[in-house]
Amino acid sequence: MLRRHARAIKATGAFLLSSGGVWVCYQVHTTMSIINDILHTNILDYGQKKVEYIYWKDLLHQSYLSSLRDDRDVTGNETMLETNVLLRWWIAAQKALAWRLLHVVTAGNKYEKQRAITSLANLKNLSDWDYQMLAQACDAQTAVGLARSEGSDMSFFLKPPKFFKKALQGKELKEKVVDMLQAMENIHHHSCLENFLSTYEHSHEDSPGMSLSPLLEDELVGKALETLAHHCLLDNNAADLLNVGALPVLMELVHYFEGNSKVLSEIFSIMSCLSAVPGALKAFHTSGWIGALAKWSRHSDASIALPCVKALANLDEDSLDSTFYPHRVFPLHPPFRSNGDHKADVIFVHGLLGTIYVTWRQRDSFKLDSPIVDTPPAPSFWSSLFMNMGWNGSSKVEDTKSETPETSHLKAQQYSNQLLNLTKEDYELLGSDFEYVLADLPTSALRSKQEPYSLFGVKGLTEELSKVGPYSRCWARDWLPNDCPNVRVLGINYTTTLSQWFPKCPNQNMKAKMADRSIEYMQMLHKVGVGTRPIIWVTHSMGGLLVKHMLISAYESENKDLHNIFRNTKAIVFFSCPHLGSEVADLKMTTEKLFWPSLEVQELRYRSAALVDLHLRFLQLLEVSRMSILSFAETKATSVTAMRLPVNFVQPHSADPGVGEFFEIPLDHIDICKPVGRHSFLYRKVIELINQVLIGQ
């Protein structure tokens, strides 16, 4: 029977099998359709690495490639393809080199690390993506090395993380800063903090529920930061400030006060203090402060840049010239890493009420006698020259008192540029005996050789005017390294007061005599390597007395390293130094009780026994060691107080040490150390003295 129906059974089986296959295929197809509707199938390909294209954003090379394409379209030249391949190969080689250099930084010795970081900083053709990848791969020390390398791109540094949900504004920032002060007061009581917090609380009690204006809010924050900066210098307070979480708040303050140089200066002063805390580098790196310090260390304002330069130097332990700078000593030059092979140390010491940023700036009164005015088309040379000096046949002269140092300096630059652009015919009109008279000329000179008070001929004029640059906030930093190469420039920054009624700090040591200060500063200078190479001191007013104290202490010291500070001193520049004191400091008994002068002022009394003895001992030192002495004296009175009372702080007979070259300059006590420009007689004499020391070595 089965045999009889075998064909039917086979046909039925084949039909069922094929039907089942069709059904299975249909189910699979339906299932895949459902999956496709839910999930993209290309997600299964993500495990396979595909080629990623990073679009190059270098505008220079984009322009270059574009010009090659245009050239091919016009001329039919097919060499563009080969050039493109070579260019892409070069880009790839740059990237590979960057990563190779980064490997050397992590695995090499100290010398190899510095060379690798310098080379890495000089790579300029990386994309933003490459910079960010390298920044993420850099450790803290590498980041500091890049920050202290000249020409390094700011893209090498990661942006600071967002510590707060939104950017803090004036009122919120004020509260954060006050909270920091309160936290520091709870940790370590101090009168400065207590006074500020008490004043702050009283101001809010007097006007409860009322908010301060934005201007007052900013002023309050500035005062709080000033108090905090002072507090950081005491004991171990800087470490405590790090522990209370100051770095994120200070970063927000930098963003908010980006255009306020005074507040920024206080913030970065705090950062320079925090950089002295052992182990602070990691906190600086993770909070994004390395990149911020790198950016602001390039600023033109010395009060902003110098604390940043100092902070980075203190954090940089891998540098060949690794130096830790105490809180009173600031590196003015070089601002970046160097091999440490300097020929000499030039040290600037300011006087009473001075600072590095105020004492050594270019003179603010850098103005033309009258403003430069527009001239008619194609005038003659002489008429153009007279018109550019403000003379147009009338007696009217515009008022320039409202000008800033920068704007008046710009006008002088414009005038100088016009002189540099004279034609050959104009040169001939000037004559071969043309002389360019220097600025800040002396009215009297003693013990001096024949001085050049002018530049002869157009060549000298051209060379001098070509040096004219932007207004300098610190000529010791901006000018001197260019005219005296391969020197290290340092500055001592300290605080002083006129009266004990208003001390900087209620807890300030009232026994800080000049002799005690000088020993403290001498030890700080010794820590940064002063005494190992020739030394040139540049001083103003009381700063000269401090240096004399230092040299006497160094000469008498049994410590060989300290004694070398005296032995290696080759020259001293005195700007209005009161060697015999100041008659202004001689107060009558009733006036003295009312004024209550500070100890610094009391020590400056005219012909006091201490000053006379100091000067006699200094003259004895000069018999032991040959030092070049250059002195300048003021001859104009200084306008003081709102009533602009004329006061002669240091008379010429007190400013004359009796040795070395001596010049009387028609300037006041404030401006005597502020050259009008690089063509100033003051500046040229200082440069001449320094270069003589360098040549002698």
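Just so it is clear, none of the values below were taken in a lab; they were calculated from the coordinates. Since the structure is predicted, the reported quantities are computational estimates derived from the model, not experimental observations. Here the Cβ positions follow ideal geometry from the backbone for every residue, glycine too, while neighbour counts run over all protein chains shown.
Derived scalar couplings between HN and Hα for segment 150-156 equal 5, x, 5, 6, 5, 6, 5 Hz in order, rounded to whole Hz, by the Karplus curve 6.51 cos²θ - 1.76 cosθ + 1.60 (θ = phi - 60°), x for Gly and Pro. For SER152, SER628, SER269, the sequence from fewest to most other C-beta atoms within 10 Å is SER628, SER152, SER269. Annotation: amide H-H contacts under 5 Å for LEU490 (H modelled 1.01 Å from N, sequence separation of 5 or more, or interchain): LEU332, VAL346, ILE347, PHE348.
Model label sites at GLU435 and PHE163, defined 7 Å from Cα along the beta-carbon direction, differ in position by 6.1 nm.
For LEU234 and ALA140, the difference between the fully extended length at 0.36 nm per residue and the C-alpha to C-alpha distance is 31.1 nm. Taking 60 Å as R0, compute the FRET efficiency from the Cβ-Cβ separation of GLU194 and HIS103 and round it to 0.05. Working from the Cβ atoms, E equals 0.65. Fewest-first ordering of VAL178, VAL676 by other beta carbons within 10 Å of each residue's beta carbon gives VAL178, VAL676. The slack in the chain from LEU446 to ASN482, taken as 0.36 nm per residue of separation less the alpha-carbon distance, amounts to 10.0 nm. Rounded to the nearest 20, the size of the Cβ-charge dipole of segment 475-696 about its Cα centre is 380 debye, with Lys and Arg at +1 and Asp and Glu at -1. The translational diffusion coefficient of segment 147-288, from Stokes-Einstein at 4 °C and 1.567 mPa s with a Kirkwood hydrodynamic radius over alpha carbon pairs, comes to 80 µm²/s.
Computed from backbone phi with θ = phi - 60° and the Karplus coefficients 6.51, -1.76 and 1.60, the 3J(HN,Hα) list for segment 688-695 is 4, 5, 4, 5, 5, 5, 5, 5 Hz; x is used for glycine and proline.
With each label modelled as a point 7 angstrom along the Cα→C-beta vector, the CYS25-LEU619 pair spans 12.0 nm.
Taking the charge dipole of segment 170-287 about its Cα centre, with +1 at Lys and Arg Cβ atoms and -1 at Asp and Glu Cβ atoms, the residue from ASN243, SER287, VAL177 reaching farthest to the positive side is SER287.
As a calculated quantity, the FRET efficiency between GLU219 and LYS636 at R0 = 41 Å, using C-beta atoms, amounts to about 0.75.
Ordering LEU580, ILE687, ALA633 by Cα displacement along the dipole of segment 554-697 toward the positive end leaves ILE687 in first place; charges were set at the Cβ atoms of Lys, Arg (+1) and Asp, Glu (-1). The calculated FRET efficiency for SER300 paired with LEU17, based on their beta-carbon distance and R0 = 60 Å, is about 0.10. Compared with the direct C-alpha span, the chain from THR323 to THR532 gains 73.9 nm at full extension, assuming 0.36 nm per residue. About the centre of its Cα atoms, segment 634-697 shows a dipole size close to 240 debye [charges on the beta carbon of Lys, Arg (+1) and Asp, Glu (-1) only; nearest 20 debye].
The spread of Cα positions in segment 475-696, taken along each principal axis and listed from longest to shortest, comes to 53, 43, 32 Å. Arranged from fewest to most other beta-carbon atoms within 10 Å of their beta carbon, SER541, SER448 become SER448, SER541.
Taken about its Cα centre, segment 239-373 carries a charge dipole of about 240 debye when Lys and Arg each add +1 at the Cβ and Asp and Glu each add -1 at the Cβ. Taking amide H as placed 1.01 Å from N in the peptide plane, SER639 has its amide H under 5 Å from the amide H of VAL647, each at least 5 places away in sequence or on another chain.
In sequence order, segment 672-679 has phi-based couplings of 4, 9, 10, x, 6, x, 6, 8 Hz under the Karplus curve 6.51 cos²θ - 1.76 cosθ + 1.60, θ = phi - 60°, and Gly or Pro positions carry x.
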